[in-house]
Every structure is written in structure tokens, then in C-alpha cells.
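Shown next, in C-alpha cells, is the structure this report addresses.
The values are calculated or read from the model by the stated rules, or taken from the named source; none is laboratory data. The structure displayed is predicted, hence computed values, not measured ones. Backbone-built Cβ (ideal geometry, glycine too); neighbour counts: all protein chains shown. Surface accessibility is based on the protein's heavy atoms, side chains included, excluding ligands, DNA and RNA. Shrake-Rupley method; radii C 1.70, N 1.55, O 1.52, S 1.80 Å.
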Amino acid sequence: MKIKSASGKGSPTEGSPLILPAFSEEDIGVALEEAVRLLQKGELIALPTETVYGLAADARNSQAVMKIYLAKGRPSFNPIIVHVASLEMARECVTSWPAEAEKLARAFWPGPLSMILKRSSLIPDVVTAGGDTVAIRWPAHPVFQKVIQKCGFPLAAPSANRSNSISPTTAEHVRSSLGTRIPLILDGGPCVVGIESTVLDLSTPDSPRILRPGMISREMIDEVLGSTLTTTTALVSSPGQVGQKAPLKSPGQLSRHYSPEAPLFLIPCESEEEILRFAEQHGLKTSEVALILNRLEVQEQYKLTFHLAKEPRAYARELYSILYQCDERGCKAIIAQAPPRTSQWEGVWDRLKRASGRDIPKPLG
Ligand code: TXA
Ligand code: MG
């Protein structure tokens, strides 16, 4: 078994995280041991889920969870999702378990759905940002599940990136974003879903609402619940703009979130001429621009050109990795061709809009 530090020297140098591979059974055994030892001591670790990498702490331990906010630079008003590895553990985190939660858990767990319910006394204030609800999710990644099972307690875990930047879908993304701030990263390879879980508010079970779309689509949830859901994802630019004293219902709704460094323009276009016109109008040189396409072929030379899948699941899997590359390569701007507007694309649309932090330039037909 090789233990690899971020400096590549076999043991962690001061300030760089230990990166442990978690692929083979033998790797996972060693990785688990170290992960559980740190979590039990109230330390943080980063590890893969099927959606994005998470930054985990013992959800019952306020001081440990506080370290998550510090490492991420996360505002204290933004609550954290609690990860479990059984229905029984999920029920221990909440005061009531409505029939809707049972149906959805049976349909989609383990998987990329977080359900907001009334929290129990097991979950401290720091996890919920003082609110009376908690978001719960049973992730599908086997490494994450094994860590929870071995710990025997739930793990609070947001995405393992500095606040407001792009969520990591590889161990290397985590290292580049949080590097010296955390002691251990478990490397389980690239995440297969690629964007964060769907967040569904079930705290008033009569009127469930999607607060953050994801790859479990509104249609899929409607089908299980036999009802029609609303989505509450209006973009707001700061908590103050919500116009009320109550905390934001889902602070991840802040308009500029999940953003690359380069400005991203999401434009509905079906031809390269439209892209070139847009670039000219905005004073962008094509040699400095990255293009993210999903239907178009282009002739002009751009700094980077990505042809993403025509199908939302494969598109989502690649998206954040591509945004990381755009930043690494120093692109001055990113132009993304707006994908289709069907329910299955809602999660991707939401992340592209938030990455842009802008309204799209013209209404879609
Ligand atoms: O796929 C995911 O959900 C990943 C992996 C690591 O599980 N986690 C993730 O966590 O994306 P985070 O913290 O980056 O995003 C959690 C979202 C935020 O928008 C937060 O505001 C919302 O869930 N949230 C968490 N608890 C909430 C609560 N009690 N009420 C309303 N919104 C909540
Ligand atoms: Mg996040």
C-alpha cells in the first residue's frame, strides 16, 4: 500500500493533505482506518460521493462542524447536509418521518437526493445554521457509506471546496481548492453524477418544494409522490435581498454560486455566427475564450472548445471538471451554449445560471 501526500513524497509534509487512494479493497481498508480515526477525533476529511467530493465531520460534534465553516470560508447562515448510511440513521436525525420521505427514500436512496425534515436533538445548531430543519441524504458512493458505517454516526458534509467556487469532482480539485486546510483526502476517482444532489424541502410535507434542482428531476419525484412539485430557485444576490428577517430557505440559492473565476456567459444559440457576434459585442477575443457546446460544431479557433454530451447525465458528469480546466488554463471568459429546457436538464441549467451569476441575454423561444 502506498501512502501519497499532495507533495508526492510518500508522507504528508506540513500543511499538505495526506491523499489516500480508495479503489482496491486493500486501499479502502487503510483509507477507512485513517478516515475514521480523524473523524472520531473531531477532525475533517474530504471524500468522494457520487455527486461531488464532500468535506465531512461528525454531525453530532459542534466543534468539528465549526471547522467545516472555517475551512470553506462558508457563511454561518448556510446549513450543511447530514449524510447517513441507513434509513434507521436517517430517522434518528429527524423528529418526524413522513410517508413522502419513506417513499422517496425507497425510490432514490442511496442516491443524489437530500430531503429537508424537522431536525431531532441529535443534530446541533451549527449544522442547521440555527434552523429547525435538517437536510438528510444517503449517498451512493461505497467509500462514503463504509466510512459512515465504520464510524456509526452521521456525517455533516458540504461540497469540499472554498465557499462559492466550483464543487470538486476529483481528489485533485479538492486539493487545489482546500489544500492546506484539511488533513486527509480519500481519492475514489471522478464522481459519476458530477453535480450536487437535488434538495427537496419536505418540512411541510403537504407542499414539498425543490430548493436546488439536481439529477433526480422534478418529474422523477412527481412520479413517486403522485403530485406536482414546485421549484423555488429564484436567484437572489445576497441574503439581504430576500426582503425578510428569516434565514434564506436555501442559502445555496445565492445567485453567484458554484462559479469559476472566469466570467461565464450562458447564451441560447444555434449557430457559430451568434457566438461570434456575442463575443464581438462584449469585447471578447476568441483566442482567450472557452466554449462549452452541446449541439454546435465550430470553425473558428477558440482558446478551448468542449463538446459536451447531448444527454444531461453525461453533460453533468463533465461540467465541473471543464470549469476547473477553464480556470487552470487562464481563460478570460467562458461561453456556454444553453442546453435544452426540459425537466431532465433543470439541474444542469441551474448550475450554469449560477456559474454565470447573470440573467441569460435574451429570452428563450
Ligand atoms: O451532492 C451534494 O448535496 C453534496 C455532497 C457532498 O453530498 N453536498 C452539497 O452540500 O452540495 P452543500 O453544502 O455544498 O450544499 C447544500 C445545500 C445548500 O444550498 C444549503 O443551503 C442547502 O443544501 N441546505 C442544507 N441544509 C438545509 C436546510 N436545513 N434548509 C434549507 N437548505 C438547506
Ligand atoms: Mg457547495
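Of note:
- Of the beta bridges in the chain, as assigned by DSSP with both residues counted there, near 40 percent are antiparallel.
- Max mean-square fluctuation residue, GNM over the chain, Cα-Cα springs under 10 Å, options Ala59, Ala338, Ala135: Ala338
- Residue-averaged [θ]222 nm for the chain, counting only DSSP H segments that reach four residues, each worth -39500 (n - 2.57): -9000 deg cm²/dmol
- Looking at the range 18-231 alone, DSSP beta bridges between its own residues are antiparallel in about 55 percent of cases.
- Listed residue (Ser356, Tyr302, Leu319) projecting farthest to the positive dipole end of the chain, Cβ model: Ser356
- Counted charge near Leu32, where neighbours are those whose Cβ lies closer than 14 Å (Asp, Glu -1; Lys, Arg +1): -3
- For Thr228, solvent-accessible area (1.4 Å; no DNA, RNA or ligand), Å²: 130 Å²
- Backbone N under 20 Å from the Gln325 label point (7 Å along Cα→Cβ), restricted to the range 151-167: 166-167
- For the range 264-356, accessible area per residue (1.4 Å probe, heavy atoms of protein chains only), Å²: 45 Å²
- Residues Phe23 and Ser287, FRET efficiency given R0 of 30 Å [Cβ-Cβ distance, rounded to 0.05]: 0.15
- Apolar share of the accessible surface for the chain: 49 percent from carbon plus sulfur atoms, 1.4 Å probe.
- Per residue, the accessible area of the range 76-149 comes to 37 Å², computed with a 1.4 Å probe over protein heavy atoms only.
- Think of the chain as a dipole: +1 on every Lys or Arg Cβ, -1 on every Asp or Glu Cβ, centred on the Cα centre; then among Gln344, Ile185, Leu39, Leu39 lies furthest on the positive end.
- Highest-fluctuation residue, Gln299, Gln145, Gln40 considered, GNM on the chain with Cα pairs under 10 Å: Gln299
- Pairwise label distance in nanometres, Met66 with Glu34, each label 7 Å out on the Cα-Cβ vector: 2.8 nm
- Alpha carbon centroid spacing (whole Å) that separates the range 281-331 from the range 56-123: 35 Å
- Checking the Cα-Cα distances for Lys41/Lys118; Lys41/Lys103; Lys146/Lys310 against a 31 Å cut-off, the pairs over it are Lys41/Lys103; Lys146/Lys310.
- Sites Thr228 and Lys41, calculated FRET efficiency, Cβ-Cβ separation with R0 41 Å, nearest 0.05: 0.30
- P(r) weight above 31 Å for the chain, C-alpha pairs, percent: 35 percent
- When the Cα positions of Pro263, Trp97, Ser76 are compared along the charge dipole of the chain, Ser76 comes out farthest toward the positive end, with charges on each C-beta of Lys, Arg, Asp and Glu.
- Simple point charges give the picture: +1 on the Cβ of Lys and Arg, -1 on the Cβ of Asp and Glu, and for the chain a dipole about the Cα centre of about 780 debye.
- ³J(HN,Hα), Karplus 6.51/-1.76/1.60, whole Hz, each residue of the range 83-98, x for Gly, Pro: 9, 10, 10, 6, 5, 4, 5, 4, 5, 5, 8, 10, 8, 9, 10, x
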